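This report concerns only the one structure given below.
The values are calculated or read from the model by the stated rules, or taken from the named source; none is laboratory data. These numbers were taken from a predicted model, which means no experiment stands behind them. Here the Cβ positions follow ideal geometry from the backbone for every residue, glycine too, while neighbour counts run over all protein chains shown. Side chains included, ligands, DNA and RNA excluded: accessible areas come from the protein's heavy atoms. Shrake-Rupley method; radii C 1.70, N 1.55, O 1.52, S 1.80 Å.
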Amino acid sequence: MLKISKDQIGELLNIWAKGAKVFVPQENGGTSQFKAWEGQGKLTLGEGNALEPPKDLFFPRTETMYRYRVRDPEASLEELAPLEEKRVLVGVRSCDARSFAIMDDVFLTKGYIDEFYRQRRENTAVVALACTTAQPTCFCTSFGIDPGRAEGVDLQMWPLADSYLLEAITPAGKDLLEQAAALLTEAADEKVPAAAQPSLTADVGGVTEKLQQMFEHPYWEAVSRKCIGCGACTYLCPTCHCFDIQSENRGDSGYKFRCWDSCMFSEYTRMAGGHQPRPSKKERLRNRFLHKLQYFPERYGKFACVGCGRCLDRCPVSMDITRVVREVKEVTL
Amino acid sequence: MANAEQVNPLVPQIGKIIKIVEETPDIKTFHVTTDKGKPFTPMPGQLAMFSLLDVGEAMFSITSQGPEHLELAIKKVGMLTDALHEVEVGQAVGIRGPYGNGFPLEMMKGKDLLFIGGGIGLAPVRSLINYTIEHREDYGRLWIIYGARSPADLCFKDDLFKNWPKVKDCRVDVTVDKGDADWKGHEGFVPAFVEKLGPKPEGMVAITCGPPIMIKFVLQSLEKLGFKDEQIVTTLEMRMKCGIGKCGRCNLGSAYVCLDGPVFTLAQLKQMPDEY
Ligand code: SF4
Ligand code: SF4
Ligand code: FES
């Protein structure tokens with residue numbers, strides 16, 4: 001195992017930034033966000049995860065899909081050049097690493113490959129950072145996630161008092177270590193620190209089966225009453241992936257883009273002609289929780305929640321998915 | 001499955017409208033082709049994402065096809081469809097697909113088929129009617145029951161009154177909610193009309209498509225007539241954006257209508273949440 005002094009982390013990022021664009025949690029206007037590393041910045045690699053999940057690096061908030069030119073009745077279309085930018089994502093916590101596996105299921109399986117996502121995902125190396133302290137809203141272990149070691153990443157880091165331990169998992173991770181060889185020393189006595197132990201839990205065993213029988217249950221009316229439909233939960237969730245497709249025109253040319261959408265918005269399912277299959281927040285909130293805890297497990301064999309706690313931390317009315325799980329399990333049918 | 005020629009499934013081909021048929025005051029059928037010929041070859045019941053590039057994109061059923069073109073019947077209901085109703089032959093459009101599962105052709109083989117359509121709902125069913133007419137020997141008798149608000153609102157009049165009645169063992173019954181001075185046919189709503197005609201469920205599969213409210217009542221009528229849930233096939237309409245099971249827009253429980261639908265048997269629908 002190798003180590004690097006915490007003082008030298010900026011230099012490490014600088015080295016990686018020579019061959020790729022490096023994204024790392026940094027302070028940004030009061031929140032912590034995965035931002036491009038430009039030689040300096042206020043890193044937030046200490047306690048706690050970035051407030052904004054790294055999903056927008058694979059699935060940007062808004063993303064151009066193609067350009068077009070319309071001179072009625074003619075029109076032409078121009079595809080974008082493939083994205084070849086190499087990226088390194090540094091400081092990804094175990095919960096967010098699991099979210100990548102969930103997003104991979106969505107964007108890369110079931111008959112169609114989403115090219116925009118694939119290009120970004122394949123060109124990105126992921127460097128994980130273990131958690132040694134849990135936040136009050138963390139409950140990743142409820143989904144079998146190990147805060148001390150992330151799944152599916154290229155390189156794992158562990159924080160010690162003054163240094164980080166590093167272990168390459170994949171050839172890409174090994175390559176990152178080789179690039180930084182000058183900064184790294186052999187870790188002789190240091191041991192991998194104990195993983196964080198979240199005190200919050202959600203006993204999700206059997207919740208899918210219970211929910212399968214609860215679609216019509218009055219519980220949804222009760223639990224949704226306080227939701228104000230702001231959509232913050234879906235924007236901050238590392239696994240929420242719904243998007244809208246829109247056009248932007250300037251004169252006779254324009255472009256088609258997609259952007260994050262939220263099933264918490266009433267416009268989401270409204271059809272041309274006005275038919276609205278999910279007329280109230282009861283149906284919308286129910287859809288969100290069923291998607292995380294029932295539909296996604298049915299379709300992809302895993303929960304679409306990673307226990308990052310962002311939604312319960314930031315919901316203006318303190319909607320708490322762990323409480324929902326508990327209440328669902330207590331409901332009598 | 002993904003179309004081999006189309007590398008990025010979210011990017012459309014550029015097509016051209018080569019013919020426009022005015023079906024009713026608010027429904028037109030658009031014939032679409034591309035420089036390379038037919039955009040793709042759908043199975044009956046499959047969908048196409050169709051766009052005016054600078055206006056918007058929406059999912060439509062493909063009502064028919066020829067060797068070189070696809071046909072989409074489109075009702076004026078919103079911004080995109082209003083704009084489409086303004087265009088003329090020669091207009092460039094975007095088209096991608098085909099999407100969805102299509103009708104269960106194997107399950108229908110050898111059966112008598114009862115088609116029940118309302119309004120624009122005849123559009124998806126028509127792709128299957130034409131297919132079964134082309135493969136006449138594979139299917140039993142065909143019975144088409146169709147209704148619209150008024151005689152002017154009847155879609156595909158040539159098929160209803162000329163082409164289909166000529167087909168061997170094909171019966172066509174048409175109703176309108178309210179007739180006009182010239183209307184000599186049946187008056188009344190589709191579900192009641194179906195009950196009155198009283199098709200027998202033995203060896204038959206019923207395929208129904210129309211406004212959600214009509215479907216709900218037609219399903220009740222079919223159940224009354226003794227049709228089992230497995231014998232009833234319907235197509236759903238949901239708002240769609242991607243068409244490829246990614247954007248999350250069209251979920252019905254854990255199914256995506258764009259991928260796993262739009263065609264479902266009533267038996268399947270009853271397993272899913274009532275959110276359509
Ligand atoms: S963050 Fe809270 S209030 Fe806002 S939509 Fe989500 S559950 Fe509702
Ligand atoms: S539902 Fe909430 S806790 Fe679960 S992954 Fe999404 S934001 Fe995190
Ligand atoms: S239209 Fe995007 S998932 Fe069905």
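Quick rundown of the values:
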| read-out | value |
| --- | --- |
| Counting DSSP beta bridges with both ends in chain A, the antiparallel % (nearest 5) | 80 |
| Per residue accessible area in Å² of region B:13-99, where ligands, DNA and RNA are left out and the probe is 1.4 Å | 36 |
| Label-point separation in nm, B:Asp82 to B:Asp158, each point 7 Å along Cα→Cβ | 3.0 |
| Listed residues A:Leu333, A:Leu211 arranged by accessible area, highest first, probe 1.4 Å | A:Leu333, A:Leu211 |
| Solvent exposure, largest accessible area first (probe 1.4 Å, DNA, RNA and ligands not counted), of A:Glu167, A:Glu186 | A:Glu186, A:Glu167 |
| Reachable aspartates and glutamates, given that their alpha-carbon falls under 19 Å from the alpha-carbon of A:Lys21 and they are not under 8 places away in the same chain | A:Glu11, A:Glu38, A:Glu52, A:Asp56, A:Glu63, A:Glu84, A:Glu85, A:Glu122, A:Asp154, A:Asp175, A:Glu178 |
| Mean ellipticity per residue at 222 nm, deg cm²/dmol - from DSSP H runs of n ≥ 4 across chain B, formula -39500 (n - 2.57) | -5500 deg cm²/dmol |
| Relative contact order %, region B:13-99, counting alpha carbon pairs below 8 Å whose residues are six or more apart | 39 |
| Overall form of region A:218-314 per C-alpha gyration tensor (a/c, 1.5; a/b vs b/c) | prolate |
| Sparsely packed GluC sites (Glu not before Pro) within region B:188-276, loop by DSSP, other Cβ within 10 Å at most 11 | B:Glu202 |
| Inter-chain shielding of A:69-77 (mean C-beta neighbours from other protein chains, 10 Å cut-off) | 6 |
| Carbon/sulfur fraction of accessible area - chain A, other protein chains in place, 1.4 Å, % | 49 |
| Mean separation of Cα contacts under 8 Å, 6 or more apart, over the residue count of region A:279-333: relative contact order % | 19 |
| Aspartates and glutamates with Cα under 14 Å of B:Lys38, excluding same-chain neighbours fewer than 8 positions away | B:Glu5, B:Glu68, B:Glu71 |
| Solvent-accessible area of A:Asp7 with every protein chain in place, 1.4 Å probe, in Å² to the nearest 10 | 140 |
| Antiparallel bridges, percent of DSSP beta bridges restricted to the protein assembly as shown (to nearest 5) | 70 |
| Kyte-Doolittle mean at least 0.0 and Cα axial length at least 20 Å: DSSP H helices in chain A | A:94-108 |
| Solvent accessible area, Å² - B:Phe189, 1.4 Å probe, full protein context | 140 |
| Förster radius 35 Å - calculated FRET efficiency between B:Val89 and B:Arg171, Cβ distance, rounded to 0.05 | 0.50 |
| Value of relative contact order over chain A, rounded to a whole percent, pairs C-alpha under 8 Å and six or more apart | 20 |
| Protein-only accessible surface order, largest first, of B:Asp274, A:Asp261 at 1.4 Å | B:Asp274, A:Asp261 |
| Cα→Cβ-extended label distance, 7 Å offset, between A:Asp104 and A:Lys174, nm | 1.9 |
| Within chain A, helix-based [θ] at 222 nm, where runs of 4 or more DSSP H residues each add -39,500 (n - 2.57), nearest 500 | -7000 deg cm²/dmol |
| Those GluC sites (Glu not before Pro) in region A:83-140 that DSSP places in a loop and that have at most 11 other beta carbons within 10 Å | A:Glu84, A:Glu85 |
| Loop-located trypsin sites (Lys or Arg not before Pro) in region B:181-276 whose Cβ has at most 13 other Cβ within 10 Å (DSSP) | B:Lys184, B:Lys228 |
| Average accessible area per residue (Å²) across chain A - probe 1.4 Å, nucleic acids and ligands excluded | 43 |
| With DNA, RNA and ligands ignored, accessible area of A:Val317 (1.4 Å probe; Å², nearest 10) | 40 |
| Built amide H within the under 5 Å cut-off of A:Leu2, gap 5+ | A:Leu166, A:Ala187 |
| Whether chain A is rounded, prolate or oblate, judged on the alpha carbon gyration tensor where a/c under 1.5 counts as rounded | oblate |
| 10 Å Cβ neighbours from other chains, averaged over peptide B:246-259 | 6 |
| Average accessible area per residue (Å²) across region B:105-235 - probe 1.4 Å, nucleic acids and ligands excluded | 45 |
| Sites A:Arg61 and A:Lys6 - FRET efficiency at Förster radius 41 Å, r taken between beta-carbons, to 0.05 | 0.85 |
| Estimated inter-spin distance, A:Glu216 and A:Gln197, nm [label 7 Å along Cα→Cβ] | 4.6 |
| Shape category assigned to region B:105-235 from the gyration tensor of Cα positions, a/c cut at 1.5 | oblate |
| Pairs from A:Lys292/A:Lys329; B:Lys28/B:Lys76; B:Lys76/B:Lys246; B:Lys16/B:Lys157 whose Cα-Cα separation, in the structure shown, is over 19 Å | B:Lys76/B:Lys246; B:Lys16/B:Lys157 |
| Sequence ranges B:15-22, A:147-154, ranked by mean other-Cβ count within 10 angstrom, highest first | A:147-154, B:15-22 |
| Protein heavy-atom accessible area occluded, B/A pair - total, 1.4 Å probe, Å² | 4000 |
| Cα-based equivalent ellipsoid, the protein assembly as shown: semi-axes from gyration tensor eigenvalues, Å | 52, 28, 19 |
